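*Asks:* Here it is: the structure, laid out below.
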Amino acid sequence: MFNNSSANRPLWLIPLAVGVLFLFLPLLGLDYGTSRQVQLSIILALVVSGMNLSLGYAGELALGQVAMYAAGAYAAGLLSIHGQTDLLIQLAAAGLSGLVVGVLTGVPGLRMGSWTLAMTSFFLVLLVPDIISVFKEYTGGRNGLAGINPPTVFGYDLGSTGYYVAMVLVTMAWFAAMRNIVASRMGLALRVLKKSPVLASAMGISVYRMKLMAYALAAIPAGLAGALFANLDLYVSPESIGFGFAVTVLAASVLGGSMSVYGAIAGAGVLQFALNYSSDLQQFSPLIAGVILIVGGVALTGGLAGMGETTVRWLGARLAGAGNDNARASAGASAGTLDHIDGQPLIANDVSKSFGGNQALDGVSLQAMPGAITALIGPNGSGKTTLLNIICGFYRGQSGEISLGGKEMHGLAPDRVARLGVSRTFQTPHIPDQLTVKEVVITGRYTHEQASILGVLFRSPRYRRIVRNDERDAKRVLELVGLAHLESVVATSLPLGQRRLLELARCLISNPGAILLDEVASGLDENEIKVLSRILRELRDKGSTIVLVEHNFQLVTSLADQIFVLAQGRVMSSGTPEHVRADPKVKREYLGVDTGNGDQE
Amino acid sequence: MTLVWGGLALGAIYALVAIGYNIVYLSAKTFNFAHAQLLMLGVFVTYTCLMEWRLPWLLVIVLAAAAVAVVAAIENLVAVRPVKDVHNILVTTLGASTFLDGTVSLIWGNQPLAVSFPLGGNAIDLLGGRVYPIEPILILLVIVIVLADFWISRRFLVGLALRAMSEDPEAAQLRGVNIRAMAFGAFVAAGALAGAAAVFVGPKTFAVSTLGDSLALKGFVALAIGGFGSMPGALVGGAAVGLVEILAARYLGGEYSNPMIFVMLLTVFIIRPAGLFVHSSERTV
């Protein structure tokens, strides 16, 4: 239970021990210089950790952490100057200020894609000094914010050792929270998002909201770090919060490994000590940071944390020996533990779509019923994929209705459509990297049953119940498709046939009203097609609504109950396989007698 | 009117940066964070050649273009081409820009250095405003560059190939376009253009080591307002940024120009996320 897929569940015991060790460092009699560097490293590590959440896990490069840090520092400093010296209240206010800055800048920045947030947040960093001087009667302008009182907790003066302990505790609390976020189903969903926004939205995850959430959450540690900084020197200088700091944070993130929890501490520590220990080095610091960014971006994709992880895994593999389970995908494995699937009728009525002057779909209607396999076939360029994309919400048709179980959904965003119960696979399976088979399947029910952020952070009873459901349902669907014995294998290492079955399982776990399979048989060998056909028939018999989008005429006629043949954007023929096979127009289209038209996909 | 001239001249510089971003974006769908630093480097090379070595002005243009092209080529080979994940290019080119910032301040220091212009530094009257000769020339220069780009991309094979690449790299490759070489060439050409243009930029901005960061930002805003990939958009976006900056500084105070530019950027993002000159297209699977 504990060591399933160590890669995605960062340890907590060792980091906890390291944290406790840090707590007792003052007892070891550190000199002032070193202990100050440790404190600055802690502050930097918090900011870097926030950047890891948005850059490493949500895949958005954003330098705005520095602005959030400034917001936190000034919020805490201003509170202190106005008499509120309680550190806890200041931390809460600072975290909140960071969050507000994060949301306000994330909303417009995330609307346009990756460079936009990078640049708006970059801009935000340059705005910090301007904003500070606009409000100079409160912030002290370029002279900095002076007159901050020593921090207290419940009225007790902390003193320098007490403050050090408080800093370590705050940092430990954040890293515990970060670890809980990453090692949760939310962490899995973030990986899906990073792999492919299209996949995420096809699974019902709103790309925009998910990224915004990660970016906004990432603002909290930056705000906390700001408060800690303000109380460390009892002075906030605008010079220390500039673009150089942003680059240092990014370099530390890349060096430590952006897609890691504890890499932030290593990266921050190395940079803090390397850049500031001797002042001779300071003028070279942009050069060093630049080199780290280039080398880190090119080579060290996992950073220091990645190297550590590889070592741990290598040791683990050594100790465990060659204990690979060589269980084969037994053809008759699926006992079928799902008794009944609640399929819904999927109905498209008179759908039209043109791209410029090219009429891709011209009044297409299609009905797919529960307990039946409906096939959509047609030559290249006939509009199959276009129709699929309209049903799933990736395109919007010019006219027509599409409904699932009577609920109209034409024109809704893909993630809404997915949440209404339309689930799909892709021509080339979309499988996020580094996840195990079971984890990939679990991501399929992320929006099916959603846990709150607080639930994730504190592992609430509700969150635990959802996780139990995740595990239970994953087991069921994996048994159904015959992959149960591979549940802890890294999913991307599976052969194509099994990856398709895995995508199917990922669809099934959300108990979808309709399943759309895009060229599900292409690239599979005869045996794999047999296994797939058997599973699909089984699903049909349990009541599932299945739509196959296929070229493979043979497969379709043997499997489908109902066939729609598309040609040049219209339904040319429809009915039972026998009927369609006998249709002379279909024969002509498929035997290639009359194919003079330049079709295009 | 004096203010308008000043704003438009500044805007022309931002448009130059945006054009550089565009060339790289159109050829390889990547973003060279360090482009403004390349322009800055060109300004410093101009300073050394023109003010210290007293070389003839036309030779300085050639030298600055060549020097910056070489640096751009190195940047491409070290920080762009080996990067496997496209997302990381943002990180590596930011690294390159930081490195260039650091290099420039190590070599030339942090004090602003004046760069002269052959037509002189005395203000003249033009269309009801006082201008320095460099200002209308900058505006003219950037318009000429955009027109030249328009002409090259429609009349010459290399321009057509570039456009084909930006539409569909795979199809272009199948048609015999060497997309790696073209992307590299475009990257270096953008560098050379930045170097040559820097000779005109220097007299307006001075050679200062913080130039890169502020140009990078405002160039990006110009690009985002006009729309990614649109050359006329870069022109209009640049002018808008330059005017807002100057007018805000004049009527509200210097500390308000960046915030006002930011407000303008956010407004454009909210009203027209793809920029003024680009139509958003439907996404595909």
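*Asks:* Please identify the pairs in which a residue from the stretch A:422-434 that is farther than 15 Å from residue A:507 by Cβ and in the same structural domain as residue A:391 (by TED's automatic domain parsing) has its Cβ atom under 7 Å from the Cβ atom of a residue that is surrounded by fewer than 22 Cβ atoms within 10 Å (Cβ to Cβ) and of a type in the set (A, V, I, L, M), counting only partners at least 6 apart or on another chain.
*Replies:* Matching pairs, first to second residue: A:434/A:7; A:434/A:490.
*Asks:* Within the stretch B:25-44, how many residues are buried (at least 24 other Cβ atoms within 10 Å of the Cβ) and either touching a Pro at 6+ places or on another chain (Cβ under 6 Å) or of a type outside the set (Phe, Trp, Tyr) (or both)?
*Replies:* 12
*Asks:* Right, something else. Name the residue, out of A:91, A:96, that is more than 30 Å from residue B:270 (Cβ to Cβ) and either modelled with pLDDT of 90 or more or in a helix (DSSP H, G or I) (or both).
*Replies:* From the options A:91, A:96, the qualifying one is A:91.
*Asks:* Confirm whether residue B:77 is more than 17 Å from the chain's Cα centre (by Cα) and either under 30 Å from residue A:250 (Cα atoms) or more than 14 Å from chain A (Cβ to nearest Cβ) (or both).
*Replies:* So residue B:77 fits the description; yes.
*Asks:* Moving to a separate point now. Go over the candidates A:178, A:167, A:112, A:186 one by one and state the one that is aliphatic (A, V, I, L, M) and modelled with pLDDT under 85.
*Replies:* A:112
*Asks:* Is at least one residue of the stretch A:115-129 out of contact with any Cys (no Cβ under 6 Å at 6 or more places or on another chain) and assigned to a loop (DSSP other than H, G, I, E, B)?
*Replies:* no
*Asks:* Let me ask another. Exactly one of (1) away from chain A (no Cβ under 12 Å); (2) open to solvent by less than 10 Å² (accessible area, probe 1.4 Å); (3) at pLDDT 85 or above is unmet by residue B:172. Its number?
*Replies:* Failed condition: (3).
*Asks:* Additional query: Can you tell me which residue in the stretch B:220-272 is farthest from residue B:166 (Cα to Cα), limited to those that are facing chain A (nearest Cβ under 10 Å), small (Gly, Ala, Ser) and crowded, with 18+ Cβ neighbours inside 10 Å?
*Replies:* Per the criteria, the residue is B:257.
*Asks:* Can you give me the ranges of the strands (runs of 3 or more DSSP E) entirely in the stretch A:342-431 with at least 2 residues that are open to solvent by less than 10 Å² (accessible area, probe 1.4 Å)?
*Replies:* Filter on the stretch A:342-431 gives A:346-355, A:358-368, A:372-377, A:399-404.
*Asks:* If you check A:480, A:524, A:501, which single one turns out to be farther than 23 Å from residue A:201 by Cβ, open to solvent by 10 Å² or more (accessible area, probe 1.4 Å) and among the hydrophobic types (A, V, I, L, M, F, W, C)?
*Replies:* So the residue among A:480, A:524, A:501 that is farther than 23 Å from residue A:201 by Cβ, open to solvent by 10 Å² or more (accessible area, probe 1.4 Å) and among the hydrophobic types (A, V, I, L, M, F, W, C) is A:524.
*Asks:* Still on this structure, please answer the following. Output the residues belonging to the stretch A:355-382 that are farther than 28 Å from residue A:206 by Cβ and within 14 Å of chain B (Cβ to nearest Cβ).
*Replies:* Residues satisfying the conditions are A:356, A:358.
*Asks:* Mind checking which residues of the stretch B:209-229 are assigned to a helix (DSSP H, G or I) and of a type outside the set (Gly, Ala, Ser)?
*Replies:* Correct list: B:211, B:213, B:215, B:217, B:218, B:220, B:221, B:223, B:225.
*Asks:* Name the residue that is most open to solvent (accessible area, probe 1.4 Å), counting only residues in the stretch A:192-211 that are part of a helix (DSSP H, G or I) and more than 14 Å from chain B (Cβ to nearest Cβ).
*Replies:* A:209
*Asks:* Take the residues of the stretch A:85-111 that are free of Cβ contacts under 8 Å to residues at least 60 places away in the same chain and over 23 Å from the mean Cα position of the chain (by Cα): which is least open to solvent (accessible area, probe 1.4 Å)?
*Replies:* My answer is A:92.
*Asks:* Might you check whether a residue that is within 14 Å of chain A (Cβ to nearest Cβ) and not in a loop (DSSP other than H, G, I, E, B) occurs anywhere in the stretch B:150-166?
*Replies:* Looking for residues that are within 14 Å of chain A (Cβ to nearest Cβ) and not in a loop (DSSP other than H, G, I, E, B), one finds none in the stretch B:150-166, hence no.
*Asks:* Of the residues A:153, A:170, A:182, which is open to solvent by 30 Å² or more (accessible area, probe 1.4 Å) and closer than 30 Å to residue A:40 by Cα?
*Replies:* A:153
*Asks:* Which condition does residue B:111 not pass, out of (1) away from chain A (no Cβ under 14 Å); (2) in contact (Cβ under 8 Å) with a residue 60 or more places away in the chain; (3) open to solvent by 50 Å² or more (accessible area, probe 1.4 Å); (4) part of a helix (DSSP H, G or I), if it passes all the others?
*Replies:* Here residue B:111 clears every test but (4).
*Asks:* Right, here's the next one. Do we find that residue A:249 is outside any helix (DSSP H, G or I), crowded, with 24+ Cβ neighbours inside 10 Å and away from every other protein chain (no Cβ under 11 Å) in this structure?
*Replies:* no
*Asks:* Output the residues belonging to the stretch B:175-185 that are open to solvent by less than 100 Å² (accessible area, probe 1.4 Å), modelled with pLDDT of 80 or more and out of contact with any helix residue (DSSP H, G or I) (no Cβ under 7 Å at 6 or more places or on another chain).
*Replies:* Within the stretch B:175-185, B:178, B:181, B:185 meet the criteria.
*Asks:* Shifting gears a bit: Determine if the stretch B:124-131 includes at least one residue that is of a type outside the set (A, V, I, L, M, F, W, C), within 23 Å of the chain's Cα centre (by Cα) and either away from every other protein chain (no Cβ under 14 Å) or surrounded by 21 or more Cβ atoms within 10 Å (Cβ to Cβ) (or both).
*Replies:* Among the residues of the stretch B:124-131, not one is of a type outside the set (A, V, I, L, M, F, W, C), within 23 Å of the chain's Cα centre (by Cα) and either away from every other protein chain (no Cβ under 14 Å) or surrounded by 21 or more Cβ atoms within 10 Å (Cβ to Cβ) (or both), which makes the answer no.
*Asks:* What tally of residues in the stretch A:223-236 results from selecting those that are farther than 20 Å from residue A:160 by Cβ and surrounded by fewer than 23 Cβ atoms within 10 Å (Cβ to Cβ)?
*Replies:* The total comes to 0.
The values are calculated or read from the model by the stated rules, or taken from the named source; none is laboratory data. Treat the numbers as computed from the prediction; the structure is a model and nothing was measured. Here the Cβ is made from the backbone with ideal geometry for all residues, glycine too, and neighbour counts use every protein chain on show. Heavy atoms of the whole protein, side chains included, go into the accessibility calculation; ligands, DNA and RNA do not. Shrake-Rupley method; radii C 1.70, N 1.55, O 1.52, S 1.80 Å.
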